[in-house]
Protein chains: 2
Amino acid sequence: MPQTATITEQELDQLCINTIRTLSMDAVQKANSGHPGTPMGMAGLAYTLWTKHLRFNPANPQWANRDRFVLSMGHASMLLYSMLHLTGYDLTLDDLKNFRQWESRTPGHPEFHHTPGVEVTTGPLGQGFANGVGMAIAEQFLGAQFNRPGHTIVDHYVYAFCSDGDLMEGVTSEAASIAGHLKLGKLIYFYDANQITIDGHTSITFTEDVGKRFEAYGWHVQHVDGMDIAQANAAIERAKSEPERPSLIIAPTHIGYPSPNKQDTSAAHGSPLGEDEVRLTKEKMGWPPDAHFLIPDEVLAHMRHCRERGGQLEADWKAKFADYRGKFAKEAAQFEAQIAGELPDGWEAALPVFKPGDGPIATRKTGRKVLNVFAQKIPNLIGGSADLAESNLTVVEGSPSFSAEDRSGRNIHFGIREHAMGSIGNGMAAHGGVIPFGSTFLIFSDYQRPAIRLAALSGHRNIFVFTHDSVGLGEDGPTHQPIEHLSSLRAMPNVVVLRPADANETAWTWRFALGHSGPSVIALTRQNLPILDQTVYGSAAGVMKGAYVLSDAKNTDPRAIIMATGSEVSVALDAQRTLASANIPVRVVSMPSWELFEQQDQSYRDAVLPPTITARVSVEAAATLGWERWVGTRGHAIGIDRFGASAPGGTVMQKLGITVDNVVAQVKELV
Amino acid sequence: MPQTATITEQELDQLCINTIRTLSMDAVQKANSGHPGTPMGMAGLAYTLWTKHLRFNPANPQWANRDRFVLSMGHASMLLYSMLHLTGYDLTLDDLKNFRQWESRTPGHPEFHHTPGVEVTTGPLGQGFANGVGMAIAEQFLGAQFNRPGHTIVDHYVYAFCSDGDLMEGVTSEAASIAGHLKLGKLIYFYDANQITIDGHTSITFTEDVGKRFEAYGWHVQHVDGMDIAQANAAIERAKSEPERPSLIIAPTHIGYPSPNKQDTSAAHGSPLGEDEVRLTKEKMGWPPDAHFLIPDEVLAHMRHCRERGGQLEADWKAKFADYRGKFAKEAAQFEAQIAGELPDGWEAALPVFKPGDGPIATRKTGRKVLNVFAQKIPNLIGGSADLAESNLTVVEGSPSFSAEDRSGRNIHFGIREHAMGSIGNGMAAHGGVIPFGSTFLIFSDYQRPAIRLAALSGHRNIFVFTHDSVGLGEDGPTHQPIEHLSSLRAMPNVVVLRPADANETAWTWRFALGHSGPSVIALTRQNLPILDQTVYGSAAGVMKGAYVLSDAKNTDPRAIIMATGSEVSVALDAQRTLASANIPVRVVSMPSWELFEQQDQSYRDAVLPPTITARVSVEAAATLGWERWVGTRGHAIGIDRFGASAPGGTVMQKLGITVDNVVAQVKELV
């Protein structure tokens, strides 16, 4: 290594870049697991971006107006961790040494809420790409909401690093298309076209002209040598000067550079280089071959300068914001509340109450009313549909569409791009300041599963609205009729699934979702349902507890329990009436959310489902898998364990056994 | 309508096209549900393609060398049903009148195996596009396998109609990229860029240059007026003359043409036109306004000519095939067997048997051995991985890669395109003649769910191989560790999920999957597992029954049952030993497949899980949802109802309670 006294700027740059490389190699080697090659190849790009362009303050990773950086190829996590440590985030060298160990702050893939400076959880390819698009939408929306002439308080870029794998994934294609359409010019993405994937060279499967494809999406495309930091620097400058087109900088690097034996091979991708190769590589870069986790003092000094710079950047912004507050006190307070994720005082009071005369009405239709009541109170509730707005009924009334021309719109036209819709919502939630929602048919939750899972893992308040939630949708048939989707979503940790039984439960469902810190999945009907009289039945506020006694046996103890969700709750009530006239008193439990019910204490749960009553029947027009948890060994779950069929919804329900008669018969058999 | 005596060719064409339009309008109107606009707009394209190019025989929808036609926008099903009826398939006018009714042969979206002439189930957008790519791969592979100089017995095109929605979906992007890479020149796709979707004009969300995008993928792109059948005809001719590039013919039509009030609006997309508008439209086209389901005699005569033509086409092919059989008897017999979906005689005998000394070994590793043993016997077993071949270990050894240069290869490099891999596999299975498989990590089954579901709904023998099937994969962390996936897949109808416990169960798992008529999902470990001694434990042939007694209590009745799947079976056996030494005799049941076990008769199930033994513990390193079905109210399910964590696999297993100690403790608590 050159001596400090004589070091040139170029030499210092190189020393920093090699430090990033060696930290990544060493951490992967120590963990005996991980992906060294991409951090080594992209070290120069990361160094250039972070030290010369990215506006961030390591001392305050939450600074609202920071630039966002997304590492879409999450497997290159050591690149990010190295940068976070070197630039002075609260991430120690010991943390790096603990890479991929139990309870470390440096897990195998970056995790949101887990490591300071990690903007979003990545790993499943393509997600980070789409998350960044969501961040850029949030930035533009907040800018429209809060910026005033001469007072630009929201104004930042979204940078991402993407890999060959990211560019192959379909969700990327969807997100890139909408980003181009929306002219999200503040997106600046590097595509490391290193041409090496796990299975070898991309020539075996990926020979399209990516640059041309992105031009077709309306992106500004540049080609530079990813190993040349001057070129990279100039490309970023040009990208910043493009106000309307998102930028893709195609910057091939050499994976595993400068490993003598593994550079440019898939062997550098997903495995440690090996002790010997690490030594050889260090020797080749003029590094002490036996030093591990070495950070030369001048490197640390130079890179920790980012703290100073970042502190100044934030301080400058704070001064601007103070000025803004002086002129726009209300807006400033609102901005801070939104960034903190807070809802306006008294928003819950807007909860609408529906009376039987307002129905019968589909829960998707009351969903629209409820959404709009709350949207009036909550100005940062913004979302849209994957081209089913008129079916999902999730339009924020009185607000324009979010478009290239109007960034104030709260209605996003996601197009027929369900997966990107989910991932963009995650990016919006990760950005902060907005509460996103997205809607489609429940069947198409399948297209969104990777996004729903990442919302759950990350704890994003991203609200997934799914209408047409059963075979009750009718004629569209089995390709459109969800069966296994409720069970499948309930199986996913950290997701709250809610299937309201009527208009009032729908209101409470939205109330829960808006106040909840993680993702909610809301399942709504296409078909009309009666509105349950709140003066007769248990209060729909019971939604907040997941399950509640909707209608108990009259003047006697129940001999059986019928539990149901959503559209089948009224079937259960009808069965209760029929059974009562046969002198079989039963209790009906509405169970809109298993997850919320499971969070209640045992005494509440036993009060709703007394252990002594083992004659239990559940009815839900969906797969029965899991219902044994509630009906028990002696009970019976009525559901649909086959695909649906094309016919009018009522016919399908009847043919598949979702009928009052069937419920009555099952209860009679049990009591 | 013109009189027959004076009718010109153009007038007859127009009459046929208007018949397609009116049948579609009438059927949707009668059902009071459906999508009239696209059939009306695309009627001319369909007429041109089917009567002038598509090689098919309505009398034998299974003719092996027919051209394939895929209606990717499945909602336009009445277009397809109209064509099937008019050209003389076994689909009656009454069937059309029964559109979207219970048990009709004309469901809302086309369903494979349900209606003669329907090549694939479509509806969820993008799927048909990708299915066609799989069909083209199958055609090329079979051609390489069977064609001989001067004897071309496999040689057909794959045509598809696609919509704006199809082109927005990510899976289409993935499939288009690989199709261009593989130079699948026999793909000829029409893109009806009618610019109308449910939410309005595509200008609100879809403004990319689709033609340029497809050129970037390596496709041959043409732009024609979709309402001009001469242009369409010429475009098909040009597309056929392109041997190397798949063709996209961008042919905008007018949705709902010629409805006076609804043409070119989203009102024509997904709802009946209404009685009045149907009348007005018929009047405009010179049709008797009060006639319903009217098929002029000259139209029927003209279009039924397709039967004659098709019969001749097939007869010509049969003559060629007879000639082929004369020279290549063995190949001819093999071809027929493959097309019939039959496996070679005695293929099961290849089943490998593993001994304890062959292990410990990961089931993904034995999976590779098993795959290759069977692949040697079954020459049409062809598949690949989504860029994880070296991790999934699903390479067919001794066979080249399937590529533009070599169509004989049995290893497909799908790239990092999991979704397209699943959908392409479905298309291969639908084509027939091949048995496809595709592999990735279990976590990424999320990316494939829409394809898995369509495989299940369609009954495709598409084998989904998922490795890294639990938190036992270790360091990659929660973004890569499946939790809810087994439950989620078990909830899906018609899917058989198999999670073998060791090498021998892996062999039986593959044996089942190859012989099964629908999709199988195979979950394999990353980490090593002991091989269970077949001379000591229950035979791994028990896989075929879903669950079996692996190890019973010694010389006494068991007091408890431990049931487990996959890697946790050896945990269960260790627990059994520990409990035995504490004088608690227990039975261990290996339960590789719930679905297969559920198919057994009650006596077998009771023999494996005697109802009298209610002390039951299940152990599976996954979400517990659903296990109550087997452990019952008194039992206990050990699993992981949270996300995993990044650390060595053994550590994660231990920290999350998948341990012998935990199983032992739970059993002790129950007995």
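The values are calculated or read from the model by the stated rules, or taken from the named source; none is laboratory data. Not measured: the values here are computed from a predicted model. Note that we place each Cβ from the backbone using ideal geometry, even for glycine, and neighbour counts take in every protein chain shown. Keep in mind that these areas ignore ligands, DNA and RNA; they rest on the heavy atoms of the full protein, side chains included. Shrake-Rupley method; radii C 1.70, N 1.55, O 1.52, S 1.80 Å.
Descending by average beta-carbon neighbour count within 10 Å, the peptides A:111-120, A:268-277, A:595-604 line up as A:111-120, A:268-277, A:595-604, the highest first.
Dipole size of the range A:347-409 about its Cα centre, with +1 on Lys/Arg Cβ and -1 on Asp/Glu Cβ: approximately 280 debye, rounded to the nearest 20.
A Förster distance of 30 Å, applied to the separation of the beta-carbon atoms of B:Glu598 and A:Asp557, puts the FRET efficiency at 0.30. The overall shape of the protein assembly as shown is rounded: from the C-alpha gyration tensor, with semi-axes ordered a ≥ b ≥ c, the ratio a/c is less than 1.5. Apolar share of the accessible surface for chain A: 48 percent from carbon plus sulfur atoms, 1.4 Å probe.
In terms of overall dimensions, the C-alpha atoms belonging to the range A:137-225 reach 52, 21, 21 Å along their principal axes, ordered largest to smallest.
In this label model, B:Ala291 and A:Lys327 are separated by 7.2 nm, measuring between points 7 Å along each Cα→Cβ vector. Relative to the longest principal axis of the Cα atoms of chain B, the long axis of helix B:363-377 makes an angle of roughly 50 degrees. Straight-line reach from B:Lys377: taking Cα to Cα under 20 Å and skipping same-chain neighbours fewer than 8 places apart, the aspartates and glutamates in range are B:Glu331, B:Glu336, B:Glu342, B:Asp345, B:Glu348, B:Glu397, B:Glu505.
Excluding same-chain neighbours fewer than eight residues apart, the aspartates and glutamates reachable from B:Lys554 by a Cα-Cα span under 19 Å are B:Asp533, B:Asp574.
So if we plug the beta-carbon distance of A:Ala349 and B:Lys655 into 1/(1 + (r/R0)^6) with R0 = 41 Å, what FRET efficiency do we get, rounded to 0.05? Efficiency computed from Cβ-Cβ geometry: 0.40. Ranking A:Val631, A:Phe512, B:Gln127 by Cα position along the charge dipole of the protein assembly as shown, where only Lys, Arg, Asp and Glu carry charges on their C-beta atoms, puts A:Val631 farthest toward the positive end. Mean separation of Cα pairs under 8 Å and 6 or more residues apart, divided by the residue count, gives the range A:529-671 a relative contact order of 25 percent. The value of relative contact order for the range A:1-121, using C-alpha pairs under 8 Å at least six residues apart, is 25 percent. Mean partner shielding of peptide A:446-454, defined as the number of other chain Cβ atoms within 10 Å of each residue Cβ, is 6. Using a/c under 1.5 as the rounded threshold, could you call the range B:1-148 rounded, prolate or oblate? The axes a ≥ b ≥ c are square roots of the C-alpha gyration tensor eigenvalues, and prolate needs a/b larger than b/c, oblate otherwise. It comes out oblate by the Cα gyration axes. Kindly list the residues of the range A:457-489 that lie in the label zone of B:His113, defined by a backbone N under 15 Å from the point 7 Å along the Cα-to-C-beta vector. From the range A:457-489, the list is A:478-479. Solvent exposure of the range B:271-352, expressed per residue, is 54 Å² of accessible area, with all protein chains present and a 1.4 angstrom probe. When only Cα pairs below 8 angstrom with a gap of at least 6 residues are kept, chain A shows a relative contact order of 12 percent.
Put a dot 7 Å past the Cα of B:Glu283, heading toward its Cβ, do the same for A:Ser581, and the two dots end up 5.0 nm apart.
Each other copy holds its own label point for B:Glu336; taking that point as 7 Å from Cα along Cα to Cβ, the gaps run 8.4 nm, nearest first. Remark: chain A carries a charge dipole of roughly 1520 debye about the Cα centre, counting +1 on each Lys and Arg Cβ and -1 on each Asp and Glu Cβ. Taking every protein chain into account, the 1.4 Å probe leaves B:Thr197 with about 10 Å² of accessible area, to the nearest ten. Buried surface for the A/B pair, taken as the accessible area of each chain alone minus that of the pair with a 1.4 Å probe, is close to 8100 Å² in total.
Taking the C-alpha atoms only, the angle from helix A:9-31 to the longest principal axis of chain A is near 50 degrees. Partner shielding of A:193-199 amounts to 4, given as the average count of beta-carbon atoms from other chains within 10 Å of each residue beta-carbon.
In chain A, helices alone account for a calculated mean residue ellipticity at 222 nm of -12500 deg cm²/dmol, with every DSSP H run of four or more residues adding -39,500 (n - 2.57). Rolling a 1.4 Å probe over the protein heavy atoms gives the range A:172-219 an accessible area of 22 Å² per residue.
Placing a label point 7 Å from Cα along the Cα-to-Cβ axis, A:Ser539 is separated from the same position in the other copies by 6.4 nm, shortest listed first.
In this structure, A:Asn60 and B:Ala404 have a Cβ-Cβ separation that, at R0 = 45 Å, corresponds to a calculated FRET efficiency of about 0.25. Counts of other chain beta carbons within 10 angstrom of each beta carbon in peptide B:160-171 average 5. Plainly put, the tip 7 Å out from Cα toward Cβ on A:Pro288 is 9.8 nm from that tip on each other copy, the closest given first.
Rolling a 1.4 Å probe over the heavy atoms of the protein chains gives the range A:475-570 an accessible area of 25 Å² per residue.
Taking a Cβ cut-off of under 12 Å around A:Ala232, the surrounding Lys, Arg, Asp and Glu residues balance to a net charge of -3, with basic ones at +1 and acidic ones at -1. Rounded to the nearest 10 degrees, the inclination of helix A:568-581 to the longest alpha-carbon principal axis of chain A is 20 degrees.
Which residue in chain A puts its Cβ closest to the axis that rotates chain A onto chain B, and at what distance in whole Å? For the rotation taking chain A to chain B, the closest Cβ gives A:Gly170, 1.
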